[in-house]
Amino acid sequence: MARSDRLHLGTFVYTFGFHPAAWLHPDSDVNGANDISHLAEVARISEAAKLDFMFFADSPAAAVGHPEALARQPTKMNRFEPITAITALSMVTQKLGFVATASTSYYEPYNIARLYASADHISKGRICWNVVTSDHDETGYNYNRQGLDPHADRYARGEEFLDVVFGLWDSWEDDALLLDRASGMYHDPGKLHQLDHAGDHFQVRGPLNIARTPQGRPVIAQAGGSERGRELAARTAEIVFSLASNIDKNAAFYKDVKGRMARYGRDPNDLKIMPGIVINTGETRAEAEARAQEMVDLMHPEVGLLMLQEFLETDLHGADLDAPFPMERMPRKAKGSVAMFQEVKEFVEQGHTLRELVTHYARQHTGNGLTGSYLEVADFMQEWFEAEAADGFILMCPTLPASLRDFTRLVVPELQRRGLFRTEYEADTLRGNLGLSWPVNRYAAARRAAE
């Protein structure tokens, strides 16, 4: 089915790439975790290809697990704080958007509102907050907690947290700044508002001490396949990071989440559902397969096992790698992503060995890995886009910048040739390039309604 819009693309950023052995790739910068010039190169490649944004995942804690495995996988052990990183990267780009993850479990709403508003001003309107509640026990130990709070508690806090941040971002109406030297009035006092929020989790007076941002407010991204996560996305999200499991499941997810938006007075076009997908590509399928196998060969088995244990939060050391997965060690329910947990569970229920699961999870991780020629990758994206299973994709490049260069050199021109992807940016802001509506200020709307 033809669509009148075009698909959107973002670059998912772990420092060296999405594959746990990416830092071992000969084209990677082994010093990149502490050298912003590495990420600046990724940003320049992304912007030259007219991608929508760079997406920074984050966990505000070092990983825990087997020491030898941790010593072989630096992704969570040595990384920049993402809000700091995206603010720096915005100074070496002009149109590219930036998505940074921050947890509602370990910040206060006023901090988040001020940090992201500041970054949005500095970037001239290219910032997005990826809202998470966190999903690993080790994080809580750094923030005066004994592990992870229960899922329901984190969501309740997260929902109120978002409401407070939105209220703070509305502190200043769009035209509140007068900047009138003749009268000596810097702003209109009638268009600066105190929030006075009093809820179950937060007491926040306001107002925010930074003006309305170039996008009205930063864009909001979320992930989460649970019932409560879908409802929150329908109410508040503008980008949803989903799993590229299969086209039918994603089409159902797409229809379900967008179908909930009307009850909140929202247009479905104001939410972009973008599955994350691990892509290995080349001129031919054989070339792509060779690149994928190269990364599998580079990965130490202990690293793959650590990744799986970290996600499942279960101890797998000592288990026979060549026997079926020990189901007695499978948690009864997900502590983190419900959709991702279901993917893993379905795989092991097919009778695969633990070694096969380790390889599968390491290669595909948070979605179906796609390995094929640039034409096959373009076909895949076109099929999903036209079937309304996705509005675009978040590219989980196995290595950075090498895999990203392959994609932008081969796949992007093919998508452009098919009329599926832009050849120039449409706007100066991330909100504009995503085709999202301007966020209405609640106080200005109330004034208009009363007139």
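No value in this document is a laboratory result; all are computed from the given coordinates. Keep in mind that this is a model prediction, so the values were computed, not measured. All Cβ positions, even for glycine, are placed from backbone atoms using ideal geometry, and neighbour counts span all protein chains on display.
Below are the figures for this structure:
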| item | result |
| --- | --- |
| Cα gyration tensor shape for the stretch 291-363, rounded if a/c is under 1.5, else prolate or oblate | prolate |
| Sorted by Cβ neighbour density within 10 Å, fewest at the top, the residues Arg332, Arg6 | Arg332, Arg6 |
| Total charge dipole magnitude, the chain, about the Cα centre, Cβ charges on Lys, Arg, Asp, Glu only, Debye to nearest 20 | 1100 debye |
| For peptides 284-292, 260-268, sequence by mean Cβ density within 10 Å, most packed first | 284-292, 260-268 |
| Dipole-positive endmost among Tyr155, Pro401, His201 within the chain (Cβ charges, Cα centre) | His201 |
| Length-normalised contact order of the stretch 329-451 in % [C-alpha pairs under 8 Å, at least 6 apart] | 14 percent |
| Shape parameters for the chain, alpha-carbon atoms, Rg then Dmax in Å | 22.1, 80 |
| Fraction of alpha-carbon pairs over 27 Å apart in the stretch 129-273 - percent | 37 percent |
| Gain in span if fully extended, Phe202 to Asp35, counting 0.36 nm per residue against the direct Cα distance | 56.4 nm |
| Residue order, fewest to most beta carbons within 10 Å, for Asp58, Asp180, Asp379 | Asp180, Asp379, Asp58 |
| Other-chain or far-sequence residues with amide H under 5 Å of Asn130's (modelled H) | Ala100, Thr101, Ala102, Ala221 |
| Computed label-point distance, nm, for sites His121 and Asp149 using a 7 Å Cα→Cβ extension | 2.9 nm |
| Whole-Å distance, taken between Cα centres, linking the stretch 304-322 and the stretch 74-109 | 29 Å |
| For the stretch 1-102: rounded, prolate or oblate by the Cα gyration tensor [a/c cutoff 1.5] | prolate |
| Sorted by Cβ density within 10 Å, fewest first, the residues Lys249, Lys272 | Lys249, Lys272 |
| Ellipticity estimate at 222 nm from DSSP helix runs (n ≥ 4, -39,500 (n - 2.57)) divided over the chain, nearest 500 | -11500 deg cm²/dmol |
| Among 71-79, 162-170, the order from most to least packed when residues are scored by Cβ within 10 Å on average | 162-170, 71-79 |
